[in-house]
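Have a look at the structure below, then the notes.
The values are calculated or read from the model by the stated rules, or taken from the named source; none is laboratory data. All values reported here derive from a predicted model rather than from experimental measurement. We place every Cβ from the backbone using ideal geometry, glycine too, and count neighbours over all the protein chains shown. For the accessible areas, the whole protein counts, side chains as well, though only heavy atoms, and no ligand, DNA or RNA atoms are used. Shrake-Rupley method; radii C 1.70, N 1.55, O 1.52, S 1.80 Å.
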Amino acid sequence: MIVRTTAEGATMETEPPNRRRVLLGAGVGMAALALAPACATATPTAPAAPPRDTFRVPAQPRPAPPERPFTGYTYEWLTADPAAVGASVAPQPPLPNLVDPQQMPPVDEPVDEPMVPVFDRAIQLTGAYWHAGWPEAVPGTYLRAEVARRLVGVAAELPEPFGLAVLDGWRSLALQRQIFHAAYQDPALPPGFVSEPSSDPRTPPPHPAGGAVDVTLTYQHRPLALGTLFDAFVPAAAAAAFEGIEGPVRELRRLLTHRMLAAGFVAYPAEWWHFEYGTRRWAALTGQRPRYAEAHAITT
């Protein structure tokens, strides 16, 4: 400290300039030290993890909607009559007794399994709902990874020149709702052909969970209509409807069903094209826990 006398005789105390600079620097330094621990421990904000059971779907221009209403919509353009293309197979073992459970367990402990695009040279992807113009359909075909893996295994085991064609895999709950309401505008349609679009996370429909696949055989790369068209909600669509009728349809249905069952899928008795793995129906029929909750697509 320096004491100086003014012209009027008063005294005043001043700091030497150098010391003031030192003290000022020390103050800034202490402030920096006080902030240093917070800065040292702070980490960049990580992007929020996507919600469970979400996957990305690339955006594409939508096809034109069909000229007819969706109620009673059929898919003549999608498949061929086996007799018309000469598709036949050696006699196959009869179908087992296919039943549908009255009660299905809820999804209480879903597994963390990704949704994947289906891709295999022995599997055709028809994109039936997308090409038909359903507003809530998405491009591409997606299934749970284990479901897709098992489906590829089925295709690999089929005799030449047969393969598989996927008619539909995962669908959004919104599309499930559209199909359900379109189908049941017909008051005479029995329940069960289209699963109710439950929004309860413990009771997801099989397709929105990614564990259901609608599939048919191909013959020389041509998808086949095995006795009925896809989504023909009629008695002849039942998997065992042709068991008492000799001919290629019976044997082809048997071939498809036996190969899918052998791969761990379960069949839905009302629809020859519908099979499931990891779903509530699958759990009820196999005595296991259901694996899959509802999956959600993010369009990018």
| field | Residue within segment 203-225 that is in contact (Cβ under 8 Å) with a residue 40 or more places away in the chain, over 19 Å from LEU151 (Cα atoms) and either open to solvent by 20 Å² or more (accessible area, probe 1.4 Å) or not in a loop (DSSP other than H, G, I, E, B) (or both) present | value | yes
| Which condition number in (1) of a type in the set (Gly, Ala, Ser); (2) at pLDDT below 90; (3) closer than 24 Å to GLY163 by Cα is the one that ALA84 fails? | (2)
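Within the group LEU285, LEU255, LEU229, which residue is outside any loop (DSSP other than H, G, I, E, B), open to solvent by 20 Å² or more (accessible area, probe 1.4 Å), in contact (Cβ under 8 Å) with a residue 60 or more places away in the chain and out of contact with any helix residue (DSSP H, G or I) (no Cβ under 8 Å at 6 or more places or on another chain)? Give the steps one after another, and end with the answer.
On the way: LEU255 fails: open to solvent by 20 Å² or more (accessible area, probe 1.4 Å); LEU229 fails: outside any loop (DSSP other than H, G, I, E, B).
Exactly one residue qualifies, and that residue is LEU285.
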| said: Tell me yes or no: at least one residue of segment 98-110 is modelled with pLDDT under 95, in a loop (DSSP other than H, G, I, E, B) and over 20 Å from the mean Cα position of the chain (by Cα). | reply: yes
| Out of VAL99, VAL85, VAL107, which single residue is touching a helix residue (DSSP H, G or I) at 6+ places or on another chain (Cβ under 9 Å) and closer than 22 Å to VAL249 by Cα? | VAL99
| remark: Of ALA241, ALA165, the only residue that is under 24 Å from TYR73 (Cα atoms), in a loop (DSSP other than H, G, I, E, B) and among the small types (Gly, Ala, Ser) is ALA241
| query | When residues of segment 130-151 are filtered for being surrounded by fewer than 18 Cβ atoms within 10 Å (Cβ to Cβ) and farther than 24 Å from PRO61 by Cβ, how many remain? | reply | 2
| remark: Result of the Cβ filter at 6 Å on segment 137-148, keeping first residues that are closer than 11 Å to ALA297 by Cα and in contact (Cβ under 8 Å) with a residue 40 or more places away in the chain and partners that are part of a strand (DSSP E or B) and open to solvent by less than 10 Å² (accessible area, probe 1.4 Å), at least 6 apart or interchain, is VAL138/VAL57
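Would you be able to tell me the number of residues in segment 239-252 that are open to solvent by less than 10 Å² (accessible area, probe 1.4 Å) and farther than 17 Å from ARG281 by Cα? Can you show your working first?
Just the residues of segment 239-252 that are open to solvent by less than 10 Å² (accessible area, probe 1.4 Å), to begin with: 239, 252.
Right, trim to farther than 17 Å from ARG281 by Cα and you get 252.
Residues in segment 239-252 being open to solvent by less than 10 Å² (accessible area, probe 1.4 Å) and farther than 17 Å from ARG281 by Cα: 1 in total.
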| Do you know which residues across segment 119-129 are open to solvent by 10 Å² or more (accessible area, probe 1.4 Å), under 22 Å from ASP53 (Cβ atoms) and touching a helix residue (DSSP H, G or I) at 6+ places or on another chain (Cβ under 9 Å)? | PHE119
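Return the residues of segment 118-149 that are part of a strand (DSSP E or B), under 19 Å from THR218 (Cβ atoms) and within 17 Å of the chain's Cα centre (by Cα); say none if nothing qualifies.
First, the residues of segment 118-149 that are part of a strand (DSSP E or B): 123-125, 142-144.
With under 19 Å from THR218 (Cβ atoms) added as a condition, the list becomes 123-125, 143.
Scanning segment 118-149 gives LEU125, LEU143.
For segment 97-110, which positions are under 21 Å from SER199 (Cβ atoms) and surrounded by 14 or more Cβ atoms within 10 Å (Cβ to Cβ)?
Of the residues in segment 97-110, the ones under 21 Å from SER199 (Cβ atoms) are 103-110.
Residues satisfying the conditions are MET104, PRO105, PRO106, VAL107, PRO110.
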| field | Failed item in (1) modelled with pLDDT under 95; (2) touching a Phe, Trp or Tyr at 6+ places or on another chain (Cβ under 8 Å); (3) surrounded by fewer than 18 Cβ atoms within 10 Å (Cβ to Cβ), with ALA236 passing the rest | value | (1)
